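Quick notes on the structure that follows.
Each reported figure results from applying straightforward, stated rules to the coordinates on display, with no laboratory input. None of these values were measured; they are calculated from a predicted model. Note: ideal-geometry Cβ built from the backbone for every residue, glycine included; neighbour counts use all protein chains shown.
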Amino acid sequence: MGYQNFSNRFIHPKNQNYSGRDRENWLDSDEAKGLLDEGNFIEFCKEVKGKDIKKIPQSLVNLSIDLNNPSITFDELKIAAQWAAILQARGFGMSSLRKIFEIVSSGKVERAKFILAYEVGRKEEFAKSGFGEFLEKLLNEISTSNDDEKNKKVGKIKTFLEAVIAYHKLINPKD
């Protein structure tokens with residue numbers, strides 16, 4: 001019988017030893033950052049399946065999108081792809097994401113806020129993802145706008161959520 005290793009260490013596929021605590025969050029890996037920085041969002045979504053995303057980068061929660069710019073930027077697409085990966089890893093389904101999208105699309109920002117609160121309260125993993133906090137910041141920014149600005153900002157959030165939904169679907173086509 002061979003030697004058995006009962007330590008908290010495992011052999012990485014590249015034959016490097018890591019402890020469970022040393023495992024890096026895939027979103028923080030050079031591989032993930034490289035794919036995103038090169039604009040390879042489809043490849044990013046294919047690669048993220050089954051990867052370790054236990055820790056949500058606080059920097060992602062603290063980011064925002066520019067609601068005053070009607071076009072979605074490259075950096076905002078990177079943010080959308082990362083949120084899609086996190087939501088999929090947390091088991092947050094498309095139906096809940098679509099529900100929030102539909103309410104935001106209708107322009108009913110106040111209603112979107114309490115439906116978002118409901119979804120965060122109903123699904124523990126969604127609450128832990130930080131996406132509710134991120135989206136709430138965007139909705140709060142809309143609440144203080146006049147009607148014309150409000151419509152433009154709702155359009156931008158709608159476009160951003162479309163990107164999150166598309167990347168989420170690419171990661172998990174069965175959802």
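Ordered by the count of other Cβ atoms within 10 Å of each Cβ, fewest first, F92, F74 give F74, F92. Counting only alpha carbon atoms, the long axis of helix 74-89 and the longest principal axis of the chain meet at about 60°.
Sorted ascending by nearby beta carbons within 10 Å, beginning with the fewest, R90, R98 become R98, R90. Pairs spanning more than 23 Å between alpha-carbon atoms, out of K51/K156; K99/K156; K108/K137; K99/K158; K113/K152: K51/K156.
Look at the alpha carbon pairs under 8 Å that are at least 6 residues apart: their mean separation over the length of the chain gives a relative contact order of 29 percent. Among S143, S129, S95, the order by Cβ neighbours within 10 angstrom, fewest to most, reads S95, S143, S129. Taking every alpha-carbon pair within the stretch 94-149, the share separated by more than 19 Å comes to 23 percent. Over all directions, the projected convex hull of the C-alpha atoms in the stretch 31-78 averages 4.0 nm² in area.
Every Cα-Cα pair of the chain was included, and the share exceeding 23 Å stands at 44 percent.
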